[in-house]
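Student: Please read through the structure below; I'll follow up with questions.
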Ligand SMILES: Cc1ncc(C[n+]2csc(CCOP(=O)(O)OP(=O)(O)O)c2C)c(N)n1
Ligand SMILES: [Mg+2]
C-alpha cells in the first residue's frame, strides 16, 4: 500500500487506462501544460504521445462533440473540462446527443464517452468560474454522473466511468486534491455496482454528501462525535442514476436526515436525496424535519468578504447541527 | 499572409518594424495617446505588484504591451456606444473611463470599484461610459456585443458596438455564428481581435492552421484589416475610418491587431504558463516593439515632443497611480449583508 493524494489518484487512473486500453484517448484544454489541471494529467503527453493526449483549441463545443462521435465508433475518449463553467458551451453534445444516443436508436448504438468536469471554486474567481452544476446533469436520463469524494474513488471511479458503456460525467473538485490515503490495488468495478457508501457509522443522524461536501460532512461529524453526537455519514458517489437504498436503511435507524450539497438549493441534489428518502419511509419515522445545507441563492461572489459567507464549511455545519437538532 | 515589403511577418518576434507614421494626426491626439497608454501601463504594473504582494485576491490578466489597441480604438467612441470585453480588459475599460480609482478599488474588491467590489478584475463595467461588461468566459460577450449593435440599429441611434476579443476566442463556435449574424443583419459592430498569439499556454501555431484570424472575416464577407497592434496611430486610423462608415451605414467590420503580452497568461509572473513556443528571447524582441516608446520616439523625432516632456509625463502618471491606489486601499469592502443583493433587479 502506498499513500497517494487525490490528484495523484486521478493521474494513476489515467495511466492505468491509457496503458491497458489502446482505445482510450484524452482531449481538452491544458493537457500539454504541466500546471493547468493541478498535476492530475502531468506528463501524460510525454508518456503516451500527443496523438493520444490532445491539447485543444478553445472549442469546448466541437471537442466534446468530437469525443462523443469517437465514442460511438469504438473509442473510449475522455474529454477534460478544466472548469465546469466552460463546459456549458458543450451542452448540446452532452444533453441532446450523448445522453440519448442509445435510447433513440433502440440500443443499436451508444456513446461511451467520459466527460471529466472539474469544480474549481474560491480564490475570488467569481460567478463564472465557480459553479458546481452536477444537479443539472443528474436531471438527465441517459447520462451517468459520478462524484468521487475519497482518494480511492478518485482513481477507481474514473476507471469505472471510462469502462462504462454509457456516457459518464466524472466530476472532481479541486478542493479535494490534497487529501491523501493508502490505496488498494486497482480492481475494475462496474459502475452499476457503485452505490452510496457509509464512511462513518452512527445512530443519531444521517448526513449525506457528495464530492467535497462529503469531506465536510465527515470532518464535521468527527468533531461532533467528541461532543457526543453520533452521526452516520454517507457519500453518494454516483448521483445519477441515484440509488438510495443504503441511505434509506440508515435513516430508518437514525430517524434524522441532513443533506449537504455544494450546489444551489432549488431543484438540487439535496432535494432529490430528501425526496427519495421521505417518499419511501413511514410518515412518522423522522424525529426532525429533513434538512439541507446548500449554497445561498446567489451566484458565487468575487469578494473575499462574501466568499466566506457563501461556501459551507465545517464550522457552519457543526453550528447548524447544534442549532437545529436536539439529540 | 502578413508581409511587409519582404520583411518578416508581423507576428514574427524578429519582424523589423518601421518608425510610427504620425503624420496628419493632431498633436493633442498624439499626446492623449501617450498619456492614456502610459496610465494603463503603469496601472497594470501596479496591479501586478499588488498581486505579487498578496493585496489582490482574485486572478488578474494583464495586458502590458497591448495598450495601443484599446487606446487607438477608444478615441473614436462616445458614451452611448456599447463596449464589451473579456478577461483581459483593464485597458478596454480605462480606454473609455480613465477612473483609475475605480479600477484599483475593483481589483482590491472594494465597494467603490467599477462593479462595487462584486466583480474584481475579471468583471468590469462602467455603464455611463458605454462599457457594458467584461467577463472571463471566453467569447461570452461576443454575441452580446452583436445584440448591442442590433439594438442601436433598431434604435437608429448611430451608436456602435465594440467587441474586444482575443485570438483564442475565435476558436469558439459562437464567434463564427456572431460574425455571420452581424453580417447578414448589417449590424454596426466592430470586432477588435487582439491577437497576442497565445491562448493561455498555447501558441497560435498549436491551435490554428494560420497565425492570423482575419480569414474568418473574409469568409463572412466582413471588411477587415490586419494591423500592427503595437502601433497606436495605425489602430486609430483604421478604427476611425471603419467607425465613421458604421455610423453612417450600419455594417460589421473586423480589425485584427497583432500584439504580444509581456506577462504570463494570468497574474504577475513573466514566465508562468508562457507556453511551448514562447522563449525569453522572443519576449525581449517583442519588448523592443513597445507601443509607448515607439510613439514617444516618433514624436521626439518629429520635434513635437521632448525628453523633458516625457519625463514630466512619467512623473504625472506616477502621481496619479500613487494617489488613486492609496485612496482605493483605504476604501471599504462590500458590506457582508449585501451577499444576496442584485441577484434580481426587481425585488
Ligand atoms: C469558455 C472558456 N473556455 C476556456 C477558458 C479558459 N481561458 C481563459 S482565458 C483563455 C485564453 C483566451 O485566449 P485569448 O482569447 O487569445 O485571450 P488572451 O488571454 O490572449 O488575451 C482561456 C483558454 C475560459 N475562460 N472560458
Ligand atoms: Mg490571445
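Please treat every number below as a calculation from the coordinates, not as lab data. Here the structure is a predicted model, which means the values were calculated and not measured. No Cβ is skipped: glycine too gets one built from the backbone with ideal geometry, and neighbour counts run over all protein chains shown.
Student: Sort out for me the Cα centre separation of the range B:238-269 from the range B:30-71, rounded to whole Å.
Tutor: Cα centroid to Cα centroid, the span is 17 Å.
Student: Can you sort B:270, A:60, A:188 so the residue with the fewest Cβ neighbours within 10 Å comes first?
Tutor: A:188, B:270, A:60
Student: Assuming a ≥ b ≥ c are the square roots of the Cα gyration tensor eigenvalues, decide whether chain A counts as rounded (a/c under 1.5), prolate (otherwise, with a/b larger than b/c) or oblate.
Tutor: Verdict is prolate for chain A.
Student: Against the longest principal axis of chain A, how steep is helix A:60-72, in degrees 0 to 90 to the nearest 10, with axes from Cα atoms?
Tutor: 80 degrees
Student: In addition: On C-alpha positions alone, give me the angle between the axis of helix A:212-226 and the longest principal axis of chain A, in degrees, nearest 10.
Tutor: Its long axis makes an angle of about 30 degrees.
Student: To continue, here is another question. Distance between the C-alpha centers of the range A:281-317 and the range B:137-151? Whole Å please.
Tutor: Here the answer is 35 Å between Cα centres.
Student: Which shape class, rounded, prolate or oblate, goes with the protein assembly as shown when its Cα gyration tensor gives a ≥ b ≥ c as root eigenvalues, a/c under 1.5 marks rounded, and past that a/b bigger than b/c marks prolate?
Tutor: The shape class here is prolate.
Student: Can you give the angle from 0 to 90° between the axis of helix A:314-324 and the longest principal axis of chain A, with both taken from C-alpha atoms, to the nearest 10?
Tutor: 40 degrees
Student: Once a ≥ b ≥ c are taken as the square roots of the eigenvalues of the Cα gyration tensor of chain B, is the result rounded (a/c under 1.5), prolate (a/b larger than b/c) or oblate (a/b not larger than b/c)?
Tutor: rounded
Student: Could you state the number of Å between the C-alpha centres of the range A:1-42 and the range B:319-334?
Tutor: 44 Å
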